[in-house]
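Notes follow the structure.
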Amino acid sequence: MDEARKGQNFNDNLSFFSRNCVRAAGSCVGNLNMELPFLLSIDPVIGAIAAGNAVVLKPSEIAPATSSLLSKLFEEYLDSSAVRVVEGAVPETAALLEQKWDKIFCTGSPRVGRIVMAAAAKHLTPVVLELGGKCPVVVDSDVDLQVTVSRINWFRAKVTVRRIIAGKWQLNNGQACISVDYIITTKDFAPKLINALRNGIEEFFGADPLESKYISRIVSSNHFSRLERLLDEYKVFNKIVVGGQRNKKKLKIAPTIFLDVPEDSQLMQEEIFGPLLPIITVENVKDSIDLINSKPKPLVAYLFTDNQKLRNDFVKNVSSGGMVINDTVLH
């Protein structure tokens, strides 16, 4: 360096620095679905405003009462130059997606996610997608469901069944993205599990679940018709082992369990988002890992077992958005 300095004029007072700067994204739009229409609308808006962004919120048209309430409250209490609510259905959503945004947030189905991502690609807009899917529950046969076992094991077995029921029918009657979508268990254990679930459903919702005030309605007549088509599909209608009752006028469907529906049935090809619960059987519970991995990555995967090796294998080999052992939806 000294050799290089000879005969040269250097300015030694130059200073160089770098730092990370956190800036707001800018103008953001949120397109939210109907499963938790108030919470899932407010949460991302709070985060976006706190970070200094302007926000346009598009609530789900399938929950019109909540959409109307959000529009009224936002207009009354928030600065309309920073936060606005746009109500409407598909045409309004399409019109919003045609605009250039700095960020798009969307909660919905994979089908809707593809539409949003395709629209965002035109402007190279960053997208945050929170999408549903088929969330499996693996129930190991070491979860003893026999009432005749010791009091401790009997209590634990009841807890297992209650947690599955809570993660399915008590959670908006299955109308939630992290709701239990289907169960995988062994052929030998399935009858015991079905019987325990049948008893648990009656304990929670009574002998006639359609009359229970604790069963959520289906969110709309369109979704009721969609679930009816799943119920009545010729490949699965004779696979019902619990439930199946429905009341279209009240938009209610009873907790319904199927046993060993075909893999190519609509029940196993799309997110159910309702009170229908297929049980798929395997010879060995370890086979459940390959079965889950043969499908698109689930939003969350659940496992009930006391087998530490199975737990480790499940965590290591199953890829999912979230994972819970011996409980549901708690994450």
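The values are calculated or read from the model by the stated rules, or taken from the named source; none is laboratory data. Predicted model, so just to flag it, every value in this text is computed and none were measured. All Cβ positions, even for glycine, are placed from backbone atoms using ideal geometry, and neighbour counts span all protein chains on display. The protein model used for the area step is the full one, side chains on, heavy atoms only, and it has no ligands, DNA or RNA in it. Shrake-Rupley method; radii C 1.70, N 1.55, O 1.52, S 1.80 Å.
Rolling a 1.4 Å probe over the protein chains gives PHE189 an accessible area of about 10 Å². Which of the three applies to the range 150-285, rounded, prolate or oblate, going by the alpha-carbon gyration tensor with a ≥ b ≥ c and a/c under 1.5 meaning rounded? Oblate, because a/c is 1.5 or more while a/b does not exceed b/c.
Applying a DSSP loop filter and a limit of 11 other Cβ atoms within 10 Å to the chymotrypsin sites (Phe, Trp or Tyr not before Pro) in the range 192-296 leaves TYR214, TYR234.
Just to confirm the filter: which GluC sites (Glu not before Pro) across the range 51-110 are DSSP coil and have at most 13 other Cβ within 10 angstrom of their Cβ?
Working: sites: GLU61, GLU75, GLU76, GLU87, GLU92, GLU98; in loops: GLU61, GLU87, GLU98.
Filter output for the range 51-110: GLU98.
With Rg/Rh (Cα atoms, Kirkwood Rh) as the read-out, I listed [x] 0.98; [y] 1.12; [z] 0.95; which label goes with the value calculated from this structure? Recomputing Rg/Rh (Cα atoms, Kirkwood Rh) here picks out [y].
Protein heavy-atom surface of the range 72-125, 1.4 angstrom probe: 58% of the accessible area is carbon and sulfur, with nucleic acids and ligands not counted. Under 1.5 on a/c is rounded, so check that first for the range 37-111, then, if it is not, pick prolate when a/b is larger than b/c and oblate when it is not; a ≥ b ≥ c are the square roots of the alpha carbon gyration tensor eigenvalues. Here the range 37-111 falls in the rounded category. Spacing of the modelled spin labels on PHE38 and GLU130, each 7 Å from Cα toward Cβ, amounts to 1.6 nm.
Between ARG162 and GLU76, what FRET efficiency comes out of the Förster formula 1/(1 + (r/R0)^6) with R0 = 35 Å and r the beta carbon distance, rounded to 0.05? Intermediate results must be reported in sequence, preceding the final value.
Details: r = 42 Å, r/R0 = 1.19.
My answer for the efficiency is 0.25.
Quote the FRET efficiency, to the nearest 0.05, computed for SER294 versus ASP188 with a Förster distance R0 of 25 Å and r equal to the Cβ-Cβ distance. Computed FRET efficiency for SER294 and ASP188: 0.65. If R0 is 41 Å, what FRET efficiency do you get for ASN307 and TYR214 from their C-beta distance, rounded to 0.05? The computed FRET efficiency comes out at 0.80.
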